[in-house]
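To keep things clear, I will list the structure first and then write my remarks on it.
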Ligand code: GLU
């Protein structure tokens with residue numbers, strides 16, 4: 001069995017949008033392609049901002065996309081494991097208490113910047129004696145805990161960025177535990193990655209610097225770091241980072257309500273930022289087979305809703321009748337295979353089938369600009385049964401009788417039969433509309 005285990009680790013502090021759901025999709029596709037497992041882990045240590053509602057929302061969004069997980073975990077269930085790891089780091093002298101207040105740290109930082117020095121924590125707390133610590137605690141101060149970065153070569157192999165080196169001297173010792181005793185994201189994430197035997201960490205490039213810290217913590221806990229892949233973040237079409245407020249339309253919930261197909265979104269996001277062709281696929285397995293994480297480049301990636309419209313339409317146009325029967329039935333639009341084949345090239349959203357079902361089954365308000373032309377056309381309607389050749393036989397007869405041709409022939413017929421200027425090919429629609437309704441509509445009756 002494959003040793004590949006990957007994870008999607010959202011914090012349930014907001015809704016998923018096109019940007020952050022890429023982490024879920026990439027990890028899922030990577031797991032499928034490698035025959036590995038996919039862990040959904042809720043990074044919910046921030047109790048002030050994490051909510052049950054957001055957690056449910058994430059699960060709903062993932063289920064909609066079909067990104068089902070094999071394993072589930074949430075960090076709030078695993079505090080004992082993080083405490084044990086913290087004790088281990090303390091015993092090894094790698095986790096030390098600090099007593100500076102936020103205001104004191106801020107002053108230090110400003111002083112360093114004024115002296116044109118990098119604002120790296122000066123480790124003053126490491127020099128505190130036990131008596132000094134006791135005195136500070138007697139004043140009512142509670143420590144926060146920092147991980148002591150070692151001055152050692154800190155590098156990792158990244159499937160997208162190649163060999164990446166982080167200079168630990170350019171970083172402050174990271175705070176792992178807050179003064180109220182709560183864990184920040186870093187340590188729980190490392191402990192989970194070790195305990196769940198995560199083989200590959202696939203996440204956004206905004207985490208590259210964290211990775212240097214996490215590599216050191218992983219080693220300090222006696223484990224081997226996973227393989228990393230940091231992909232470029234998705235920007236808006238005009239090159240801004242996506243924002244919750246300005247880009248609310250790109251939340252998964254909103255895309256779902258707009259009527260996009262989950263597999264269209266999957267197909268777009270799986271290939272955006274690679275040089276691989278963006279093509280609709282029926283199944284996630286097919287997307288996974290063609291997914292290669294190393295094809296993701298380092299350049300900026302922009303999300304253009306027009307691309308989603310395009311692939312959504314292309315996806316609908318390739319759907320076989322069998323794949324949509326249930327949905328058509330549920331919408332009371334199942335007028336059979338020929339109907340689906342006739343109308344699908346005209347769909348931008350699935351729900352557009354309602355319009356075409358009404359055009360076929362009526363009632364349609366016919367538009368008749370020349371009643372005598374319409375009457376002449378009605379008079380030469382062939383007798384049933386009707387099939388794919390009926391349209392050309394009929395229009396040939398109308399042309400002969402009236403002398404009309406080209407647009408002057410076809411547009412009045414389309415307007416009378418459908419009430420609309422555009423729509424699916426009439427050759428396909430006409431047999432579905434049938435002689436009775438066609439005749440009525442040509443005489444101006446709504447049927
Ligand atoms: N909870 C973190 C986030 O949403 C997870 C990052 C990671 O993949 O390690 O950014």
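The values are calculated or read from the model by the stated rules, or taken from the named source; none is laboratory data. The structure displayed is predicted, hence computed values, not measured ones. Don't worry about glycine lacking a Cβ; one is built from the backbone with ideal geometry, like all the others, and counts go over all protein chains shown.
Considering only residues in the range 40-62 that are within 11 Å of the ligand (Cβ to nearest atom) and surrounded by 18 or more Cβ atoms within 10 Å (Cβ to Cβ), the one that is farthest from the chain's Cα centre (by Cα) turns out to be 45. The residues of the range 354-392 that are surrounded by 13 or more Cβ atoms within 10 Å (Cβ to Cβ) and more than 48 Å from the chain's Cα centre (by Cα), listed by number, are 370, 373, 374, 375, 376, 377, 378, 380, 381, 382. Figure legend. Inter-residue proximity from the range 46-58: first residues over 17 Å from residue 253 (Cα atoms), second residues crowded, with 18+ Cβ neighbours inside 10 Å, beta-carbon distance below 6 Å, spacing 6+ or different chains. Indicated pairs: 50/12; 50/44.
Of all residues in the range 195-206, those that are exposed (fewer than 15 other Cβ atoms within 10 Å of the Cβ) and near the ligand (Cβ under 8 Å from one of its atoms) total 1. If you check residue 192 against the conditions, is it buried (at least 18 other Cβ atoms within 10 Å of the Cβ), away from the ligand (no atom under 12 Å from the Cβ), at pLDDT 95 or above and not in a strand (DSSP E or B)? Considered against the rule, which asks whether it is buried (at least 18 other Cβ atoms within 10 Å of the Cβ), away from the ligand (no atom under 12 Å from the Cβ), at pLDDT 95 or above and not in a strand (DSSP E or B), residue 192 comes out as no.
Scanning the range 291-302 for residues that are farther than 16 Å from residue 157 by Cα and under 18 Å from the mean Cα position of the chain (by Cα), we see that the one that is surrounded by the most Cβ atoms within 10 Å (Cβ to Cβ) is 291. The C-beta contact set for the range 206-229 (first residue under 20 Å from residue 89 (Cα atoms) and in contact (Cβ under 8 Å) with a residue 24 or more places away in the chain, second residue within 12 Å of the ligand (Cβ to nearest atom) and part of a loop (DSSP other than H, G, I, E, B), distance under 9 angstrom, 6+ apart or interchain) comprises 210/185; 218/226; 226/198. Of the residues in the range 235-242, none is surrounded by 20 or more Cβ atoms within 10 Å (Cβ to Cβ) and touching a strand residue (DSSP E or B) at 6+ places or on another chain (Cβ under 6 Å). Taken residue by residue, the range 210-225 has at least one member that is within 12 Å of the ligand (Cβ to nearest atom), at pLDDT below 95 and either under 18 Å from residue 23 (Cα atoms) or crowded, with 19+ Cβ neighbours inside 10 Å (or both).
Restrict the check to the range 333-343 and report whether at least one residue is assigned to a loop (DSSP other than H, G, I, E, B), out of contact with any helix residue (DSSP H, G or I) (no Cβ under 7 Å at 6 or more places or on another chain) and under 30 Å from residue 315 (Cβ atoms). Yes - at least one qualifying residue is present in the range 333-343. Within the range 171-189, restricting attention to residues that are within 15 Å of the ligand (Cβ to nearest atom) and within 20 Å of residue 126 (Cβ to Cβ), which residue is nearest to the chain's Cα centre (by Cα)? So the residue we want is 186.
All of (1) free of Cβ contacts under 8 Å to residues at least 24 places away in the same chain; (2) more than 30 Å from residue 148 (Cα to Cα) hold for residue 87 with one exception: (2).
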